[in-house]
Amino acid sequence: MAFRFRRTVSIFPGFRLNLGKRGVSVSAGMRGANVTLGRNGLYGNAGIPGTGFSYREKLSKPNTAAGRAGSRNARSTKPAPALPPIAEKIAQVQLNTKTGDITILDANGDDLGDEAIEVAKTYAREDLENTLQQHVDNHNRMMAQISDIHLGTPPPHTFPTFVPTPFEITEPKPPGLRKPDWLAYLCPARRRAFSDSNEQKRNQYRQLREQWENEKRSFEQVESERENLYRNARLGDVAAMESVLDDHMQDIDWPQDTELSFELSDDGKALMLDVDLPEIEDFPTTELRTYKRGVGVSVNELSDTASRKLYMAHVHGMGVRLMGECFSCAPSVERVILSAFTQVSNAATGGVEDKYLYSVKVSREAWGRIHFGNLEAVDPVEVLAAFDLRRDMTKTGIFRAVEPW
């Protein structure tokens, strides 16, 4: 994105003198609707404050030879287009990734209806198209991550690097103190008022500074403890390995909500891991594309077989990734048992119960035979099948419940 240098100097309310690289221009009007006169002519500018939507139109017509002969100063005085009242309410654009429906919301999250969509198309078409493209790109990127989650699996001999969390609270700045004017030197009461005001500012700054320093020290203490945990985990400390594994799992950008629980044996040699997978009914099944002509998004619904295969790739890829993280974060672990389940309704009772899709047992020695430098050629479904695996699944990804290890 290119940035334009622009410095603004106020002349009087409603008018501004703009000094830029390409010359001088004058703007008149109010926020959201104004006109600008510069070297390229007269322009009307309209925008929706706070949304990034804007509209710009040249109001002055090109000078013809006859026009220049008749009057060099002739200009069109066409007023800037007035924005409909609903434009001021626009705050957010949403896209339904299952249907492709576009919704425009106000600041309270309420649907503004079809009128707002038409206003956005008319006055902010390019911005609306860019917003929809971002939604589409994010969705399609998430779909790619779903099937490729195993590509981030670390080798078993690679311990995760401690990454410190930055302290993001802004340091308070010293206050600007009032300088006594000439009257303060003549009037003791005024001089005391200046002094009291400055002392109050100093006290407030000292309190803010002290609070900031205390919070920073506490934060640094926590970070120091985290760093020590990573150091101790690397040496095989059981409690430290559990903490590092928990800390590291939360830092991974999982494409779908996934819950897991794990337990490390007292001797640190065995790790049990249960994974609560997303239900296939809640799994995304669409690919999106913005219109080549017009404003909108087309939706390609995956077939049932394609959806099941995508789900199959994801749940096995999750297993590969998680077992890799376990061996990496817990150097003393010699065996990992991972059981993956989903929650289904029991037709007989109406209750919800766990349905185990697979359960796999892997030793560190066997896990180390995987070529982690060539994971693009690895099929997670086949990877798990190479170990002690309990699974009852068809080729198209239909699972039947199994008993876990």
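Picking from residues in segment 148-170 that are aliphatic (A, V, I, L, M) and outside any helix (DSSP H, G or I), the one that is nearest to residue 233 (Cα to Cα) is 163. Of 227, 279, all but one fail to be acidic (Asp, Glu) and within 27 Å of residue 147 (Cα to Cα); the exception is 279. Might you check whether a residue that is in contact with a helix residue (DSSP H, G or I) (Cβ under 9 Å, 6 or more places away or on another chain), acidic (Asp, Glu) and not assigned by TED's automatic domain parsing to the domain that holds residue 309 occurs anywhere in segment 190-212? No, there is no match, as no residue in segment 190-212 is in contact with a helix residue (DSSP H, G or I) (Cβ under 9 Å, 6 or more places away or on another chain), acidic (Asp, Glu) and not assigned by TED's automatic domain parsing to the domain that holds residue 309.
Touching a residue at least 24 places away in the same chain (Cβ under 8 Å), part of a helix (DSSP H, G or I) and within 30 Å of residue 379 (Cβ to Cβ): which single residue out of 204, 145, 133 fits that description?
Values: 204 fails: within 30 Å of residue 379 (Cβ to Cβ); 133 fails: within 30 Å of residue 379 (Cβ to Cβ).
So the residue among 204, 145, 133 that is touching a residue at least 24 places away in the same chain (Cβ under 8 Å), part of a helix (DSSP H, G or I) and within 30 Å of residue 379 (Cβ to Cβ) is 145.
Looking for something farther than 24 Å from residue 364 by Cα and not hydroxyl-bearing (Ser, Thr, Tyr) - is there at least one such residue anywhere in segment 338-345? Explain how you work it out, then say what you get.
So the first thing to find is which residues in segment 338-345 are farther than 24 Å from residue 364 by Cα, and the list is 342-345.
Okay, now just the ones that are also not hydroxyl-bearing (Ser, Thr, Tyr), so 343-344.
Yes, the conditions are met somewhere in segment 338-345.
Here residue 374 does not qualify as assigned by TED's automatic domain parsing to the domain that holds residue 256, part of a strand (DSSP E or B), loosely packed, with under 12 Cβ neighbours inside 10 Å and modelled with pLDDT of 90 or more. Among the residues of segment 98-130, just one is part of a helix (DSSP H, G or I) and either on the phi > 0 side of the Ramachandran plot or in contact with an Asp or Glu (Cβ under 7 Å, 6 or more places away or on another chain) (or both), namely 113.
Just so you know, in segment 255-296 the residues that are in a loop (DSSP other than H, G, I, E, B) and among the polar types (S, T, N, Q) include one that is surrounded by the most Cβ atoms within 10 Å (Cβ to Cβ), and it is 285.
Does residue 363 satisfy the criteria of being modelled with pLDDT of 95 or more and either farther than 18 Å from residue 275 by Cα or surrounded by fewer than 19 Cβ atoms within 10 Å (Cβ to Cβ) (or both)?
Values: modelled with pLDDT of 95 or more: yes; either farther than 18 Å from residue 275 by Cα or surrounded by fewer than 19 Cβ atoms within 10 Å (Cβ to Cβ) (or both): yes.
Considered against the rule, which asks whether it is modelled with pLDDT of 95 or more and either farther than 18 Å from residue 275 by Cα or surrounded by fewer than 19 Cβ atoms within 10 Å (Cβ to Cβ) (or both), residue 363 comes out as yes.
If we keep just the residues of segment 103-137 that are under 12 Å from residue 290 (Cα atoms) and among the hydrophobic types (A, V, I, L, M, F, W, C), which is surrounded by the most Cβ atoms within 10 Å (Cβ to Cβ)?
Restricting attention to segment 103-137, the residues satisfying the condition of being under 12 Å from residue 290 (Cα atoms) are 128-137.
Still in the list and also among the hydrophobic types (A, V, I, L, M, F, W, C): 128, 132, 136.
Details: 128: 23, 132: 20, 136: 19.
Selected residue: 128.
Only one of 383, 344, 362 is assigned to a helix (DSSP H, G or I), of a type in the set (Val, Ile, Thr) and assigned by TED's automatic domain parsing to the domain that holds residue 325; which? Just one listed residue meets the conditions, 383.
Kindly indicate which of 240, 184 is within 30 Å of residue 325 (Cβ to Cβ) and among the hydrophobic types (A, V, I, L, M, F, W, C). Steps first, please.
Working: 184 fails: within 30 Å of residue 325 (Cβ to Cβ).
That would be 240, the only listed residue that is within 30 Å of residue 325 (Cβ to Cβ) and among the hydrophobic types (A, V, I, L, M, F, W, C).
Mind listing whichever residues of segment 252-274 are of a type outside the set (Phe, Trp, Tyr) and either outside the structural domain of residue 321 (by TED's automatic domain parsing) or under 18 Å from residue 310 (Cα atoms) (or both)? Talk me through it step by step, then tell me what you get.
The initial filter retains those residues of segment 252-274 that are of a type outside the set (Phe, Trp, Tyr), namely 252-253, 255-261, 263-274.
Residues satisfying the conditions are 255, 256, 257, 258.
When 336, 299 are checked against the criterion of being surrounded by 15 or more Cβ atoms within 10 Å (Cβ to Cβ), touching an Asp or Glu at 6+ places or on another chain (Cβ under 8 Å) and either in the same structural domain as residue 278 (by TED's automatic domain parsing) or not in a loop (DSSP other than H, G, I, E, B) (or both), 299 stands alone in meeting it. A single member of 179, 201 is at pLDDT below 95, surrounded by 10 or more Cβ atoms within 10 Å (Cβ to Cβ) and either more than 30 Å from residue 302 (Cα to Cα) or more than 23 Å from the chain's Cα centre (by Cα) (or both), and it is 201.
Return the residues of segment 323-354 that are touching a residue at least 12 places away in the same chain (Cβ under 8 Å) and over 32 Å from the mean Cα position of the chain (by Cα); say none if nothing qualifies.
Let us first name the residues in segment 323-354 that are touching a residue at least 12 places away in the same chain (Cβ under 8 Å), namely 323-344, 354.
Passing the criteria: 331, 332, 333, 334, 335, 336, 337.
The values are calculated or read from the model by the stated rules, or taken from the named source; none is laboratory data. A quick note: this is a predicted structure, and the numbers were derived from the prediction, not measured. As a convention, Cβ positions derive from the backbone with ideal geometry for all residues, glycine included, and neighbour counts pool all protein chains shown.
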